[in-house]
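One structure below.
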Amino acid sequence: MAATTRASAVPAALDRALALLKLDARPADLQAAAAPGYLDLLGEEEPTSTGIGQDLMLTGVVPMIYERWWRPALGRVAKGLLGPGMADEHRIARLLLGLTPGDGVLDVACGPGNFTRRFAHLVGQTGLAVGIDASPTMLERAVRDSPDPFGNLLYVRGNAVELPFRDRSFDAVCCFAALHLFAKPFVALDHMARVLTPGGRVAVFTSCRTRSAPLRTVDGLVGARSGIRMFEHDEITGALAERGFEDVRQRVSGLTQFVGGRKA
Ligand SMILES: C[S@@+](CC[C@H](N)C(=O)[O-])C[C@H]1O[C@@H](n2cnc3c(N)ncnc32)[C@H](O)[C@@H]1O
């Protein structure tokens, strides 16, 4: 199949993804909303800023260096020297999400599509990968760097704290390196649970506060200054269990945690 040219064309997966949107989230002028190469559901609106950690994602510079430099370097600091590298993160996401051909997968706060485009390969031509993010500059980069050979990949500009998708519309939901930036992370988790089908899988990579008292002072301060929320050790696993997830698993690495679960 010929590769789709994304920068100028309406994304090939648009029709399929439209069926997953809540009726009130569908744009009145679809052509205009899809003109950037991603589907813009926010227009002038922007999610509440939680601080510099989130504001940097809206700049032009960070998306340019994000995938190659920014994410690996900051990830290394947060995960610790012996923690998983980027290739390991992709492997962890794959394991927790259990993607197979034909699945629908949502990548929440997808940034420049560094995970979304790989998910699109895993779910293949009959599957669908949707990346949602609030930052136009991140999404421009995502569109530019995602060739979409299967016509199964769509980027959406929307708010993770108010996902615009219908209930039970995805088989898997990923949210890596972002939950700690959201103004209402537990509302975002409500939405992730809501849009998953029964048996659907979630994978989250986010912050995790240390249990050592002196270090808690430091990570508390860093978190407060940057607007990055530091979750307690059992906060995310507990929140997933409360939202009806089973087989909840956690791997802590430095000041981060990977958490996965399956919707009952
Ligand atoms: C650090 S990047 C993570 C990108 C990718 N998931 C990864 O693991 O590398 C965080 C992303 O969260 C997005 N973001 C922050 N708050 C958001 C919100 N309320 N709704 C949607 N996206 C949001 C930012 O625009 C940014 O692209």
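The values are calculated or read from the model by the stated rules, or taken from the named source; none is laboratory data. Everything numeric here is computed off the predicted structure, so don't read it as measured data. Here Cβ is always computed from backbone atoms with ideal geometry, including for glycine, and neighbour counts include all displayed protein chains. Areas reflect the complete protein model, heavy atoms only, side chains present, ligands, DNA and RNA absent. Shrake-Rupley method; radii C 1.70, N 1.55, O 1.52, S 1.80 Å.
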Being closer than 16 Å to K22 by Cα, over 11 Å from the mean Cα position of the chain (by Cα) and not polar (S, T, N, Q) is the filter here; which residues of the range 158-187 pass it? G158, V161, E162, L163, P164, F165, R166, D167, R168, F170
Selected residue [acidic (D, E), crowded, with 17+ Cβ neighbours inside 10 Å and at pLDDT 95 or above] from D40, D24: D40
Can you spot a residue in the range 227-250 that is buried (at least 16 other Cβ atoms within 10 Å of the Cβ), within 14 Å of the ligand (Cβ to nearest atom), in contact (Cβ under 8 Å) with a residue 24 or more places away in the chain and not basic (K, R)? yes
Here are some conditions: (1) of a type outside the set (F, W, Y); (2) within 16 Å of the ligand (Cβ to nearest atom); (3) at pLDDT 95 or above; (4) open to solvent by 60 Å² or more (accessible area, probe 1.4 Å). T48 meets all but one. Which one does it not meet? (3)
Number of positions in the range 110-138 that are more than 14 Å from the ligand (Cβ to nearest atom) and open to solvent by less than 20 Å² (accessible area, probe 1.4 Å): 5
Subset of the range 199-218 [more than 26 Å from H90 (Cβ to Cβ) and open to solvent by less than 20 Å² (accessible area, probe 1.4 Å)]: none
Considering every residue within the range 143-160, establish whether at least one is β-branched (V, I, T), more than 8 Å from the ligand (Cβ to nearest atom) and open to solvent by 40 Å² or more (accessible area, probe 1.4 Å). no
Only one of these conditions is not met by D107: (1) buried (at least 24 other Cβ atoms within 10 Å of the Cβ); (2) over 21 Å from P198 (Cβ atoms); (3) of a type in the set (D, E). Which number is it? (2)
